[in-house]
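Worksheet: the structure to be examined is printed underneath.
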Amino acid sequence: MPKASKARKPSTSISDFQKVLKSSKNIIALAGAGLSAASGIPTFRGTGGLWRKFDVISMATEDAFYENPSRLWQFYHYRREKANACKPNLAHYALAEFSLPYFRSQLGLAKDSKFTLITQNVDGLSKRALEETCTPEVIQSISEDPAHPPMIEMHGRVNDVKCSSPKCGHIEFNPASPICPALDGTEAFVDEDIEKTIAEDDLPRCSKCKALARPGVVWFGEVPYDLEKIDDLVEEADLCIVVGTSSTVYPAAGYAAEVQAHGGKVAVFNLERSAGDKKANFLFLGPCEETLPSCLGIES
Ligand code: BV8
Ligand code: ZN
């Protein structure tokens, strides 16, 4: 009876990881709420899983919106205020710096290496980190190749506002605080579990057709953004860096295994063990704002 090959444990060697990093040409990073935890944004697990007494996963649905748009807008107003009051952390900046081709070649990667950050986060902190790391001209130049954008916000942005009328579907970036007078100050009610009943006419409206507007995020049951582009990036990736995600929400949670299935390597950066990390090639447990910069060779 041939001895079952002992399951290979993920490596925790930073030098081995950096060897793989330097020999990689098509790199993607897949990020979740853990990337923004150190910035003060609650994650979906643990305490962050609840907004007031409501389970966040059930709140992020179209049904919940049409059932009670006043409550949903107070939920997303709270998250907008939170996101806009927070600052990117060292993990966001590390990924922003790694988005720059000259930085990667400084690290010893091939001149034509490619990198795209695929984030599940809707807080906009990765974009802000990139905008603080380099000039609009540089962002323009690294965004020229549409197949390899520096980042993809696959679940949308909490600061986007989308028209609820399918005929119109107008979507615009609007980080105004508050997004409308009726929501002003409601973020403070959360801790006392008080809920204001706001008439639909006083909720955010589409700036084009004046229909009721909704947050520009992808709700459960809705198709994430740029799926084809993501599938192509996953298909060609030789390294997938997984950062601060419990890998429980699909299709995002399936990408790392797909990269490994075609011979690519997977490196997981997470505070604690998470789904699927057993099969990873590298596992760096701990706060990603500490582990990621050092593994990416960024002096803090
Ligand atoms: C879809 C936006 C059809 C809104 C979000 C297959 C199997 C089972 C179910 C499904 C399946 N396929 C689809 C489904 C259904 C569903 C799904 O996956 N359900 C789950 C619950 C089982 N998926 C969908 O509905 C998706 N749409 O399938 O459409 C389709 C798809 C493709 C093609 C055709 C049709 C849409 C999903 C998107 C929903 N919107 N967000 C909003 O935010 O309000 S999801 C939202 O929840 C986040 O964006 C994120 O994706 C997820 C939360 O997960 P994480 O980000 O990982 O956060 P979490 O708190 O769980 O974990 C944080 C981790 O960080 C922890 O491990 C922690 O230890 C760690 N950590 C904490 N601090 C740190 C840290 N790590 C490092 N450093 C630290 N400092
Ligand atoms: Zn409209």
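The values are calculated or read from the model by the stated rules, or taken from the named source; none is laboratory data. Bear in mind that the values here come from a model prediction, so they are computed numbers and not experimental data. Note that each Cβ is placed from the backbone with ideal geometry, even for glycine, and that neighbours are counted across all protein chains shown. Heavy atoms of the whole protein, side chains included, go into the accessibility calculation; ligands, DNA and RNA do not. Shrake-Rupley method; radii C 1.70, N 1.55, O 1.52, S 1.80 Å.
Once you've got the GNM for the chain with C-alpha springs shorter than 10 Å, pick whichever of 90, 117, 183 has the biggest mean-square fluctuation.
Of 90, 117, 183, the most mobile in the Gaussian network model is 183.
Accessible area per residue, 1.4 Å probe, Å², for the chain: what's the number?
Result: 48 Å² per residue.
If you look at just the Cα atoms of segment 160-300, how large are its Rg and its Dmax in Å?
Cα-based Rg and Dmax for segment 160-300 come out at 20.4, 54 Å.
Using a probe of 1.4 angstrom, how much of the accessible area of segment 8-68 is carbon and sulfur, in percent?
Carbon and sulfur atoms account for 57 percent of the accessible area of segment 8-68.
Restricting attention to segment 240-295, which chymotrypsin sites (Phe, Trp or Tyr not before Pro) occupy a DSSP loop and are surrounded by at most 14 other Cβ atoms within 10 Å?
Loop-located and lightly packed - none at all.
For helix 69-85, report the angle its Cα long axis makes with the longest principal axis of the Cα atoms of the chain; keep it between 0 and 90° and round to the nearest 10°.
50 degrees
May I ask for the equivalent-ellipsoid semi-axes of segment 101-240, computed as the square root of five times each C-alpha gyration tensor eigenvalue and listed largest first in whole Å?
36, 18, 14
Can you give me the angle between helix 227-236 and the longest principal axis of the chain, using Cα atoms only, in degrees from 0 to 90, rounded to the nearest 10?
Around 10 degrees separate the two axes.
Calculate the tail of P(r) for segment 1-153: the fraction of all Cα-Cα distances greater than 27 Å, expressed in %.
When all Cα pairs of segment 1-153 are counted, 40 percent exceed 27 Å.
Can you give the helix-only mean residue ellipticity at 222 nm for the chain, where every DSSP H stretch with n ≥ 4 adds -39500 (n - 2.57) and the sum goes over all residues, rounded to the nearest 500 deg cm²/dmol?
Helix-only estimate at 222 nm: -8500 deg cm²/dmol.
Run the simple label-point estimate for residue 188 and residue 11 please: 7 Å along Cα→C-beta, distance reported in nm.
Those two pseudo-labels are separated by 5.5 nm.
Could you pull out every one of the aspartates and glutamates with an alpha carbon less than 18 Å from that of residue 196, ignoring same-chain neighbours closer than 8 positions?
Counting by Cα, and skipping residues close in sequence, residue 196 has these aspartates and glutamates nearby: 67, 81, 184, 187.
With every atom except the alpha carbons ignored, what do you get for Rg and Dmax of the chain, in angstroms?
20.2, 72
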